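Down below is the structure, laid out as structure tokens.
The values are calculated or read from the model by the stated rules, or taken from the named source; none is laboratory data. Note that the structure is a prediction, hence the values are computed from the model and not measured. Please note: Cβ atoms are built from the backbone with ideal geometry, for glycine as well, and neighbour counts cover all protein chains shown. Accessible surface areas use protein heavy atoms only, side chains included; no ligands, DNA or RNA. Shrake-Rupley method; radii C 1.70, N 1.55, O 1.52, S 1.80 Å.
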Amino acid sequence: MHHFWPTLIKPLLDLLSPRRLIEIGAGDGRNSRQIARWASSCQAHCDLVDPAPSFDLEGLAARHPGRVVAHRRRSLDVLDRLLPADVVLIDGDHNWYTVYHELMTIYGDAASLPEQAPVVLCHDVGWPYGRRDLYYDPASIPEAHRQPCRVGAVRPDATGIARLGLNPGFCHAEQEGGPRNGVRTAIEDALQGRTEAFRTVWIPIFHGLAILVPKPWLERHRELGAWLDRLEPGPALRGLYQRAEYERCLGNIDRLFLQGLRSDAQPTGDNTAGRPFTTSLPDGLVKTIQQGTLEYRYKGLKMVLNPFDLANYLALLDKLRPATIFEIGVYEGGRSLWLADNLAALGIDAQIIAVDLAPPADLGNDRVRCLTGNARHLADVLTAAELEALPHPFLVIEDSAHDLETCAQVLDFFHGYLRSGDYIVVEDGILHSLMEPDAAEPALAPPSLAVAGFLETHGSDYAIDTESCDRFGFNATFQPNGWLRRR
């Protein structure tokens, strides 16, 4: 839904001046952050609802106290308690059952609408989910309301499950169309018998957006009708938009297919999509380097840093000249002291904030400040006010627990504070070569999985720093694709 923010959602909010908003389905937060900022600046209240967001939902709410409230729950469990609202944005579970019952909760089941019936914006009313159910969790949908479904891809030129298409890892209705199937069908069913109570506008691009406006809003805001008139395309333009959307979706599928064909290649440049997490370092060499790395010390303290990345960090310090370095995971503190000494040697005035569950008591260097904290709960030790006051550029080094959930939470936490040019480095994505050295296709290590998931969501915001990754050969680093620069 974030595609619609600058030209449609924000102008509509500015026009209506709503006091209470609800967003169902926060996803990666791109739209939620815009709504939160708008609500704060306009003294409005916003409820954000998502059972499994892919960013720090509570952290966003904490940055807008009194204006934004996070609800990590399913919409149908909390929606009735959040109403009434002026505007509701629906972009959550894209299936008939959920959307139909969301709308029935909002508008009731009577022919007449509630006095405070809100304006609703509903995403994914076009292809692929306008006429086909998607189930993030099929078990959460009552069996009687669940289409026959299975995991597989969908494409606009096929009504069944396709071999090659969009979202191949999701559970979809096996067939497109028919009763009680898809988001648009849910809207039509929920409005059945009372369509005259609404002005409804269908926007047929970016997977489709429906704007449902109860008639009283048109009476209270005389300019709203003319604004909606300008949005609604005529028959000729609507057909053109639909054709362009069809070609756009097929083009995206072709792009994903070509990326898959290149999965064994070694692309260069700052691209984030399609670059494999493989390394040119032989598995046997990785193992012997790791053995030496575990024994290497700086000023008597283990630093667990291999020779490739010693050189990479030193080059990055000189290039970036960071003002603040965050070490998430400190161990004995050898790297902290090494960083501090090299900052001094390079004439860089920077501080190092080192966070660990059990940090060293005293490293004896004024540049290094050790904090006791959990990488999964960084907001407990790094407050928003402090982070916003610290000088940039930032260099963040995530080297904590090396499990998927922790790495993902560290990435999501710092994403909200990184500015253009800042860096975040996720350590030890090469661990798969140590864990499964003889596998023909070893699974990605958790840190690499976290990076891949983060880039899938935020790829447009970050570039892989291939200068660091490929300095000594393709991904000749213990952080393959893990050197990320904020665009």
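Assorted remarks:
- Pairs meeting the criteria (first residue in the range 214-234 and without any contact (Cβ under 8 Å) to a residue 24 or more places away in the chain and under 28 Å from Ala110 (Cβ atoms), second residue among the aliphatic types (A, V, I, L, M) and open to solvent by less than 60 Å² (accessible area, probe 1.4 Å), beta carbons under 7 Å, at least 6 apart or on different chains) are Lys215/Ala197; Leu218/Leu224.
- Among the numbered conditions (1) touching a residue at least 40 places away in the same chain (Cβ under 8 Å); (2) among the polar types (S, T, N, Q); (3) part of a helix (DSSP H, G or I); (4) out of contact with any Leu (no Cβ under 9 Å at 6 or more places or on another chain), the only one that Asn31 does not meet is (4).
- Taking first residues from the range 141-160 that are under 19 Å from Gly251 (Cα atoms) and partners that are part of a helix (DSSP H, G or I), the Cβ contacts under 6 Å between residues at least 6 apart in sequence or on separate chains come to Arg155/Ile253; Pro156/Tyr246; Pro156/Cys249.
- Taken as a whole, the range 198-213 holds no residue that is part of a helix (DSSP H, G or I) and in contact with a strand residue (DSSP E or B) (Cβ under 8 Å, 6 or more places away or on another chain).
- Remark: Leu79 matches the filter, which requires a residue to be in contact (Cβ under 8 Å) with a residue 24 or more places away in the chain and surrounded by 18 or more Cβ atoms within 10 Å (Cβ to Cβ).
- Any hit, the range 161-182, residues being touching a Lys or Arg at 6+ places or on another chain (Cβ under 8 Å), assigned to a helix (DSSP H, G or I) and of a type in the set (A, V, I, L, M): no
- Close pairs (7 angstrom Cβ cut-off, 6 or more residues apart or separate chains): on the phi > 0 side of the Ramachandran plot and in a loop (DSSP other than H, G, I, E, B) in the range 88-112, open to solvent by 20 Å² or more (accessible area, probe 1.4 Å) and not aromatic (Phe, Trp, Tyr) anywhere: Gly108/Pro114
- In the range 234-261, the residues that are at pLDDT 85 or above and surrounded by 12 or more Cβ atoms within 10 Å (Cβ to Cβ): Arg238, Gly239, Leu240, Tyr241, Gln242, Ala244, Glu245, Tyr246, Arg248, Cys249, Leu250
- Failed criterion for Pro447 (all others in (1) over 14 Å from the mean Cα position of the chain (by Cα); (2) at pLDDT below 95; (3) closer than 24 Å to Asn31 by Cα; (4) crowded, with 24+ Cβ neighbours inside 10 Å hold): (3)
- Per-region count, the range 174-207, residues open to solvent by less than 60 Å² (accessible area, probe 1.4 Å) and free of Cβ contacts under 8 Å to residues at least 60 places away in the same chain: 7
- Applying the condition of being touching a residue at least 24 places away in the same chain (Cβ under 8 Å) and open to solvent by 60 Å² or more (accessible area, probe 1.4 Å) to the range 320-350 and asking which residue is farthest from Leu387 (Cα to Cα) yields Glu332.
- Checking each residue in the range 274-328 for being of a type in the set (Gly, Ala, Ser) and at pLDDT below 90 picks out Gly274, Ser280, Gly284.
- Only residues that are surrounded by fewer than 21 Cβ atoms within 10 Å (Cβ to Cβ) and either in a helix (DSSP H, G or I) or at pLDDT below 95 (or both) were counted in the range 384-407, giving 12.
- Odd one out for Gly66, checked against (1) in contact (Cβ under 8 Å) with a residue 24 or more places away in the chain; (2) small (Gly, Ala, Ser); (3) surrounded by fewer than 19 Cβ atoms within 10 Å (Cβ to Cβ); (4) not in a helix (DSSP H, G or I): (1)
- Any hit, the range 11-34, residues being open to solvent by 60 Å² or more (accessible area, probe 1.4 Å), out of contact with any His (no Cβ under 9 Å at 6 or more places or on another chain), within 23 Å of Gly225 (Cα to Cα) and among the basic types (Lys, Arg): no
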